[in-house]
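Asker: Pasting a structure here, questions to come.
The values are calculated or read from the model by the stated rules, or taken from the named source; none is laboratory data. Here the structure is a predicted model, which is why all the values come from computation and not from measurement. When we count neighbours, we look across all protein chains shown, and the Cβ atoms used for this are built from the backbone with ideal geometry, even at glycine.
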Ligand code: HEC
């Protein structure tokens, strides 16, 4: 009986906590800069896409999403997503290559010394092993330049990229 009570109380607290969290989120949504980054709405994604530097502002997000199917077996993109064969890609733009948390990179990527932006990603995705010889990413490359633009636009919108103020 005691045990049942404890479970009931714990369950009640969890429900309470979940509800109050929901309220915070609703309030946060009206302020300009919510402390916790919520998943952006479709309208926010469209606005972010339009604000990207050319040519990414003309990216086709639906095609980018289709091309990401080529990456999905090895990469997650959601915030806090697990590393698979490759690292989680949330926040990759503006991050130095080979420095994502909880992942062991090859020496080639660790020593690359640049920060990921659209231009570096374009070269990397065209030919990963040509761009950074010694990488352990076994991906042949995405040869169509327009597919790369669409995929990079999609990644910018989906991985928490923040345009420069
Ligand atoms: C077969 C698995 C595999 C596939 C498919 C794959 N990757 Fe990777 N990716 C990796 C591995 C492994 C690494 C780490 C490379 C290293 O350390 O040499 C990596 C690294 C990366 C990095 C560097 C991340 C960082 O933090 O420096 C980016 C960006 C990336 N991949 C993007 C992509 C995209 C976009 C695609 C789809 C077009 C893709 N990858 C397809 C396995 C894969």
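Asker: Out of everything in the range 100-118 that is near the ligand (Cβ under 10 Å from one of its atoms) and within 20 Å of residue 158 (Cβ to Cβ), what residue ends up being surrounded by the fewest Cβ atoms within 10 Å (Cβ to Cβ)?
Answerer: Filtering the range 100-118 for residues that are near the ligand (Cβ under 10 Å from one of its atoms) and within 20 Å of residue 158 (Cβ to Cβ), the one surrounded by the fewest Cβ atoms within 10 Å (Cβ to Cβ) comes out as 101.
Asker: Which residue out of 17, 33, 46 is modelled with pLDDT under 95 and under 14 Å from residue 153 (Cα atoms)?
Answerer: Numbers: 17 fails: under 14 Å from residue 153 (Cα atoms); 33 fails: under 14 Å from residue 153 (Cα atoms).
Residue meeting the stated conditions: 46.
Asker: Quick one: in the range 120-142, which of the residues that are out of contact with any helix residue (DSSP H, G or I) (no Cβ under 7 Å at 6 or more places or on another chain) and farther than 25 Å from residue 80 by Cα is farthest from the ligand (Cβ to nearest atom)?
Answerer: Checked the range 120-142; the qualifying residue farthest from the ligand (Cβ to nearest atom) is 130.
Asker: Quickly run through the range 77-93 and pick out the residues that are surrounded by 15 or more Cβ atoms within 10 Å (Cβ to Cβ) and either within 17 Å of residue 116 (Cα to Cα) or in contact with a helix residue (DSSP H, G or I) (Cβ under 9 Å, 6 or more places away or on another chain) (or both).
Answerer: Keep residues of the range 77-93 that are surrounded by 15 or more Cβ atoms within 10 Å (Cβ to Cβ), which gives 77, 83, 86-93.
Those that are surrounded by 15 or more Cβ atoms within 10 Å (Cβ to Cβ) and either within 17 Å of residue 116 (Cα to Cα) or in contact with a helix residue (DSSP H, G or I) (Cβ under 9 Å, 6 or more places away or on another chain) (or both): 77, 86, 87, 88, 89, 90, 91, 92, 93.
Asker: Okay, moving on. Can you find a residue in the range 65-77 that is over 21 Å from residue 142 (Cα atoms) and more than 7 Å from the ligand (Cβ to nearest atom)? It would help to see each step written out before you state the result.
Answerer: Initially, the range 65-77 is screened for residues over 21 Å from residue 142 (Cα atoms), giving none.
There is no residue in the range 65-77 that is over 21 Å from residue 142 (Cα atoms) and more than 7 Å from the ligand (Cβ to nearest atom).
Asker: Does at least one position in the range 86-96 carry a residue that is part of a helix (DSSP H, G or I) and modelled with pLDDT of 95 or more?
Answerer: Residues of the range 86-96 that are part of a helix (DSSP H, G or I), as a first pass: none.
Checked against the condition, which is being part of a helix (DSSP H, G or I) and modelled with pLDDT of 95 or more, the range 86-96 yields no hits at all.
Asker: Of the numbered conditions (1) over 18 Å from the mean Cα position of the chain (by Cα); (2) assigned to a helix (DSSP H, G or I), residue 149 fails exactly one; give the number of that condition.
Answerer: Only one criterion in (1) over 18 Å from the mean Cα position of the chain (by Cα); (2) assigned to a helix (DSSP H, G or I) is unmet by residue 149, namely (1).
Asker: Could you tell me which residue of the range 36-57 is farthest from the ligand (Cβ to nearest atom), considering only residues that are more than 19 Å from residue 164 (Cβ to Cβ) and in a helix (DSSP H, G or I)? Lay out the reasoning, then the answer.
Answerer: If we filter the range 36-57 for residues that are more than 19 Å from residue 164 (Cβ to Cβ), which is where we start, we get 36, 38-39, 41-43, 46.
Subsequent filtering for residues that are in a helix (DSSP H, G or I) retains 42-43, 46.
Details: 42: 22, 43: 25, 46: 21 Å.
Ranking the qualifying residues of the range 36-57, first place goes to 43.
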